[in-house]
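Here the structure is laid out as structure tokens; the discussion comes afterwards.
The values are calculated or read from the model by the stated rules, or taken from the named source; none is laboratory data. Being a predicted model, the structure only gives us computed values, none of them experimental. Every residue, glycine among them, receives a Cβ derived from its backbone with ideal geometry; neighbour counts consider all protein chains shown.
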Amino acid sequence: MTNLEARPAPELCGAHGVTGPVTELYEPREVPLGGLRAMQVRRTLPQRELPMVGAWCFLDEFGPQHVDMRVLPHPHTGLQTVTWPVAGEIRHRDSLGSDVLVRPGQLNLMTAGHSVSHSEFSVGSEPLLHAVQLWLALPDGAADGPPAFEQVTDLPVWRAPGVAATVFIGEIDGLRSPARVHTALVGADLALEAAAEGRVPLDPTFEHAVLVLEGSARVAGVDVGPGPVLYLGDGRDELDVGTQAGARVLLLGGARFEHDLVMWWNFVGRTHADIAAAREAWSSADHADRFGEVAGHDGVRIPAPDLPNVRLQPRRRGRSGMIGS
């Protein structure tokens with residue numbers, strides 16, 4: 001998945017400054033992706049008050065919607081893309097030669113490192129699609145390392161009465177996903193049965209957040225439906241979850257990320273120079289030298305927007321966790 005905004009704003013990201021358990025709701029921003037035939041996504045990360053949760057730095061949810069999704073080849077740097085379908089199938093092709101279908105219950109994890117390019121298309125004519133696309137910021141070393149791709153189809157499931165948690169990143173209660181990430185993280189899809197009440201173990205050193213994918217749920221004493229993300233802070237060793245009619249809840253968490261980041265379009269870097277160099281490389285006739293080619297598109301790709309007429313600078317965090325000028 002790509003950020004197809006024609007004039008993407010620079011996203012200047014650092015860890016949320018709140019320490020201890022909290023319950024803060026953040027509404028999504030509706031983003032029309034014109035390149036996807038009027039497809040709409042709900043973007044809940046990053047936000048000014050909540051730029052990251054651990055290394056999770058970008059969260060789009062799209063659907064459920066009948067749509068012909070056609071995301072042409074586009075570049076990434078300094079991140080991992082996490083594709084988690086809820087309904088429908090998505091074909092992923094990349095400059096590493098990968099060509100796979102990802103289905104509900106399966107994970108696609110692409111590591112950009114220094115640079116990679118890929119495309120994503122729906123399968124069939126305007127199928128029902130519902131999925132989340134997330135980015136993970138990479139730490140020093142991995143951020144400039146080689147690209148990689150893996151698909152994980154056999155994921156561990158943590159179970160308690162009325163609750164089943166598919167762990168696609170990290171671990172819950174000793175059950176660990178085989179997906180390779182570069183910071184301490186958790187990502188899980190919680191399926192709650194009707195009238196379920198349960199407690200999910202958490203790592204108290206992580207900050208956490210949840211997004212309701214289907215139905216409605218009561219999480220940490222807060223009633224939540226689809227749309228907003230509920231930020232939970234850190235310091236929790238378990239999470240109370242419940243529902244009346246059944247629900248699916250995305251759980252994200254991780255250790256606080258150590259670096260300020262500059263995010264613009266589909267690039268993550270540390271400085272303006274990182275972003276400018278990536279854009280210049282993608283826009284040049286020799287783009288394949290850095291980003292490779294994605295087979296099957298006859299060289300057609302998404303062009304990079306113009307950089308803003310300002311130098312991109314990471315904003316520094318205040319004590320409250322707000323991102324200041």
(message) Scan segment 184-195 and tell me whether some residue there is of a type outside the set (Ser, Thr, Tyr), more than 16 Å from the chain's Cα centre (by Cα), buried (at least 23 other Cβ atoms within 10 Å of the Cβ) and at pLDDT 95 or above.
(response) yes
(message) Restricting to segment 69-107, name every residue that is surrounded by fewer than 20 Cβ atoms within 10 Å (Cβ to Cβ) and in contact with a helix residue (DSSP H, G or I) (Cβ under 8 Å, 6 or more places away or on another chain).
(response) Arg70, Leu72
(request) Go through segment 220-233 and give me each residue that's on the phi < 0 side of the Ramachandran plot and in contact with a Lys or Arg (Cβ under 8 Å, 6 or more places away or on another chain). (result) Val224
(request) Check whether at least one residue in segment 73-91 is within 18 Å of Val294 (Cα to Cα), of a type outside the set (Ser, Thr, Tyr) and either out of contact with any Ser or Thr (no Cβ under 8 Å at 6 or more places or on another chain) or not in a strand (DSSP E or B) (or both), and report yes or no. (result) no
(message) Being over 22 Å from Ala131 (Cα atoms), surrounded by 14 or more Cβ atoms within 10 Å (Cβ to Cβ), in contact (Cβ under 8 Å) with a residue 60 or more places away in the chain and not hydroxyl-bearing (Ser, Thr, Tyr): is that true of Ala160 here?
(response) no
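Condition check ((1) among the aliphatic types (A, V, I, L, M); (2) closer than 22 Å to Ala196 by Cβ) across all residues:
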{"residue": "Ser98", "(1), (2)": "no, no"}
{"residue": "Pro104", "(1), (2)": "no, yes"}
{"residue": "Leu107", "(1), (2)": "yes, no"}
{"residue": "Ala112", "(1), (2)": "yes, no"}
{"residue": "Ser119", "(1), (2)": "no, no"}
{"residue": "Val123", "(1), (2)": "yes, no"}
{"residue": "Glu126", "(1), (2)": "no, no"}
{"residue": "Phe149", "(1), (2)": "no, no"}
{"residue": "Thr153", "(1), (2)": "no, no"}
(request) Working only within segment 221-264, note down all residues that are in a loop (DSSP other than H, G, I, E, B), touching a residue at least 60 places away in the same chain (Cβ under 8 Å) and touching a Leu at 6+ places or on another chain (Cβ under 6 Å). (result) Pro228, Arg236
(message) Suppose we filter segment 136-156 for residues that are β-branched (Val, Ile, Thr) and either crowded, with 21+ Cβ neighbours inside 10 Å or assigned to a strand (DSSP E or B) (or both); how many remain?
(response) 1
(message) Would you confirm, using the coordinates I've provided, whether Gly54 is buried (at least 24 other Cβ atoms within 10 Å of the Cβ), of a type outside the set (A, V, I, L, M) and within 24 Å of Tyr231 (Cβ to Cβ)?
(response) yes
(message) Just checking, does segment 29-49 include any residue being at pLDDT 95 or above and crowded, with 21+ Cβ neighbours inside 10 Å?
(response) yes
(message) Considering only segment 62-73, I want to know if a residue exists there that is in contact (Cβ under 8 Å) with a residue 24 or more places away in the chain, within 22 Å of Pro178 (Cα to Cα), out of contact with any Asp or Glu (no Cβ under 8 Å at 6 or more places or on another chain) and not polar (S, T, N, Q).
(response) no
(request) Look at segment 265-290 and say how many of its residues are touching a residue at least 60 places away in the same chain (Cβ under 8 Å) and either among the charged types (D, E, K, R) or outside any helix (DSSP H, G or I) (or both). (result) 8
(message) I'd like the residue in segment 111-135 that is at pLDDT 95 or above and not in a strand (DSSP E or B) and, out of all such residues, is nearest to the chain's Cα centre (by Cα).
(response) Ala112
(message) Considering only residues that are closer than 16 Å to Ala188 by Cβ, crowded, with 16+ Cβ neighbours inside 10 Å and either touching a Pro at 6+ places or on another chain (Cβ under 9 Å) or of a type in the set (A, V, I, L, M) (or both), which ones fall in segment 225-254?
(response) Val229, Leu230, Leu232, Arg236, Leu239, Val241, Ala247, Val249, Leu250, Leu251, Leu252
(request) Give the residue that is farthest from Leu33 (Cα to Cα), with candidates limited to residues of segment 278-311 that are among the aliphatic types (A, V, I, L, M) and surrounded by 12 or more Cβ atoms within 10 Å (Cβ to Cβ). (result) Ala288
(request) Hey, can you tell me all the residues within segment 182-196 that are closer than 16 Å to Met52 by Cα and of a type outside the set (A, V, I, L, M)? (result) His182, Thr183, Gly187
